[in-house]
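Below is one structure, written out as structure tokens; the observations come after it.
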């Protein structure tokens, strides 16, 4: 029987040719800006189906996204867009890679204090054994776009705060640190490891969260994918 392999070389496939991304650790009042700004993430959002609000929904990726992301996953809870709040648990075991591959775009929108506060995200990730992933599993912002104060380019004060909790591996993205104005800024963090189960808790109806998959790997990623395929082929002989 052909076994399903999670190919580790997908780790940095979505970073626009960058071989590495700095992990998001520690805490601060404002996430760092990416360079350059006004560059939306280049990935493809999954399509939604079988939405039973607020109980569950399915998400599907298909070509031209990379092979590991293709397939349909199930999530339990509301769709975490800018009309819903609450807790959503994603299970990715039915994707081709058997998990959500590293290199996935985590997109956040309008996380600030300008609409009365409470615009927060709490995220945890788990492996296939149900164990919390406690090493830093998200990158610093790779893409930032939108409108900052007075409809200008986003700057540091438009970015929400964050806390990475080492014992639990959880991330808090906190819009309450953006006060006194109401920017409309989106930003992308990138996953640094494969994820079997993802928990996203959303504190407001104004902010939004979505996932996107890369289409074309970086040149370095493509070369590593070729090497990984050759290694798998040798194992099957």
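The numbers here are math on the coordinates, done by the rules we state, and not lab data. Keep in mind that what you see is a predicted model, and the values were worked out from it rather than measured. FYI the Cβ positions are ideal-geometry reconstructions off the backbone, even for glycines, and counts take in every protein chain you see.
Which of 46, 53 has the fewest other C-beta atoms within 10 Å, and how do the rest follow up to the most?
Listed from fewest to most nearby Cβ atoms, that is 53, 46.
Mind giving me the FRET efficiency for residue 74 and residue 166? R0 is 30 Å, r the Cβ-Cβ distance, nearest 0.05 is fine.
0.50
Neighbouring Cβ atoms within 10 Å as the yardstick, rank 74, 193 fewest first.
Ascending Cβ contact count within 10 Å gives the list 74, 193.
With viscosity set to 1.567 mPa s at 4 °C, what whole-number translational diffusion coefficient in µm²/s follows for region 22-209 from Stokes-Einstein and a Kirkwood radius over Cα pairs?
78 µm²/s
Sticking with the crude label model, points 7 Å out along Cα→Cβ, report the distance from residue 38 to residue 132 in nm, one decimal please.
4.1 nm
Which of 200, 111 has the fewest other C-beta atoms within 10 Å, and how do the rest follow up to the most?
Numbers: 200 21, 111 31.
Ranked by crowding around the Cβ, least crowded first: 200, 111.
Assuming R0 = 30 Å, can you tell me the calculated FRET efficiency for the pair residue 84 and residue 151, based on Cβ-Cβ distance, to the nearest 0.05?
0.65
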